[in-house]
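Structure first, then comments.
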Amino acid sequence: ENRLLNKYAVITGATSGIGAATARAFGNAGCNLMLTGRRRERLEEIAETICSESEHDIETQTAAFDVRDVDACKKMVDNLTQPVDILVNNAGLAKGVDAVFNADLADWDLMIDTNIKGLVTMTRLIAPGMKKRNEGHIINVGSIASHESYPGGSIYTATKHAVKAFTESTKKDLHGTKVRVSMVSPGLVETEFSVVRYDGDKSKADQVYEDMRPLVGQDIAEVIHFTANRPAHVNIMDTIIFPVDQSSATMVYQDN
Ligand code: NDP
Ligand code: 8X3
C-alpha cells in the first residue's frame, strides 16, 4: 500500500546523498516535497528532476538555507504552504578525524551546530503543528555513530548519540498522540560525506570505500521510505543498516 501519496514531506539536506535519494523515493511515491539544503542551484535541479521523473503529479518546493541559522529555519517553516506530514531531519556532516587533544574547535562547532542544533531547531518548529493535528512523522537520520564511538570521531559520534537521545525523548514527549518518531542508523554510505569529512580530499575519501562495497543513498532511502510507509499504528524506532562488508563502526572488510 502506498501511504505517501499526496502527503507533504520536508527533507533537509536534499542536495546530495541520502537526502536526495530519499526525496526521489518519496517523489516516486507521489509525496509532495519541500527540499532544503544550502546549495540553491543543486536543490532546484534535484527538485526539477524528481518532479519530471515521478509518475504522479507532485509539487516540489525548495528552500535554500543553513539549518544552523535559526531565523532562516523559522522563515522556511512560517512560509510552508501545507501541514507537514513527514519531517526527515537528514542534514548533517562529519568534519575531521582528529583526536580530542588536537581536533579543530571550529570543526566541532560545525558538527554540533548542524547535527544537533539544526536538527532540534527543525523539530521544535515543526512538531507543534503535528501535535496540534495529532498526526505526522519525524524521521531523524542518525548513524552507527549513534550507537558506537570510535577514535577520531569523538564529536561526530557525540552528535549522533545526541540524535538518538533526542529521538527517544521526542517520542516520549509525544506519547499519547498519533505522531510518530523514528530514526535510521546507517553504516558506510558512499555519498559526499567522506569528501566533506576530509575537507575536499577525494583520494582520502575514496580510501574509506576502497576494496569494499559501501551502501548507496538509495539503500537508506528505501529504509526511510519503508519507515514512513508503515500503517499509522506502527512506529519503527530505529534501524541499523550496514553494508555486508561492515560489522561495526570500525570493523570494515576492505580486502575484496
Ligand atoms: P552528503 O554530504 O552527501 O549530504 C549531506 C547533506 O546535508 C547535503 O545535502 C548538505 O547540503 C546538507 N547539509 C550539511 N550541512 C548543512 C547545513 N548547515 N544546512 C543545511 N544543509 C546542510 O552526506 P550524506 O547523505 O551521507 O549525509 C546525510 C546524513 O546521513 C547526515 O546526517 C550524516 O551524518 C548521515 N550519515 C551518513 C553516513 C554515511 O556514511 N554517508 C552514515 C550514517 C549517517 P548543502 O551542502 O547543500 O547544504
Ligand atoms: C557515518 C558513518 O562510520 O563514519 O555516520 O560514523 S561513520
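Since every read-out is calculated from the coordinates, none of them should be taken as a lab result. None of these values were measured; they are calculated from a predicted model. Because the Cβ atoms are built from the backbone with ideal geometry, glycine has one as well, and the counts that use them run over all protein chains shown.
Points worth noting:
- Region 1-79: C-alpha gyration tensor shape, a/c 1.5 cut-off, then a/b vs b/c: prolate
- Taking a ≥ b ≥ c as the square roots of the eigenvalues of the alpha carbon gyration tensor, region 131-256 is prolate, as a/c is not under 1.5 and a/b beats b/c.
- Secondary structure note: in the chain, about 5% of the DSSP beta bridges are antiparallel.
- Along each principal axis, Cα extent of region 81-201, largest first, Å: 47, 28, 24
- Relative to the current alpha-carbon distance between T250 and C51, full extension at 0.36 nm per residue lengthens the span by 67.8 nm.
- Centroid-to-centroid, using Cα positions, region 48-67 and region 187-256 are 24 Å apart.
- Rg ratio for region 136-193: its Cα radius of gyration over 2.2 N^0.38 Å, N being its residue count, equals 1.25.
- Of the peptides 93-99, 244-250, the ranking by mean beta-carbon count within 10 Å, highest at the top, reads 93-99, 244-250.
- Rh by Kirkwood over Cα pairs, then Stokes-Einstein D for region 8-240 at 1.567 mPa s and 4 °C, µm²/s: 73
- Counting other Cβ atoms within 10 Å as a rough exposure proxy, the listed residues F26, F101, F242 run F101, F242, F26 from fewest neighbours to most.
- Choice from T170, T227, T49 with maximal GNM fluctuation in the chain (Cα, 10 Å cutoff): T49
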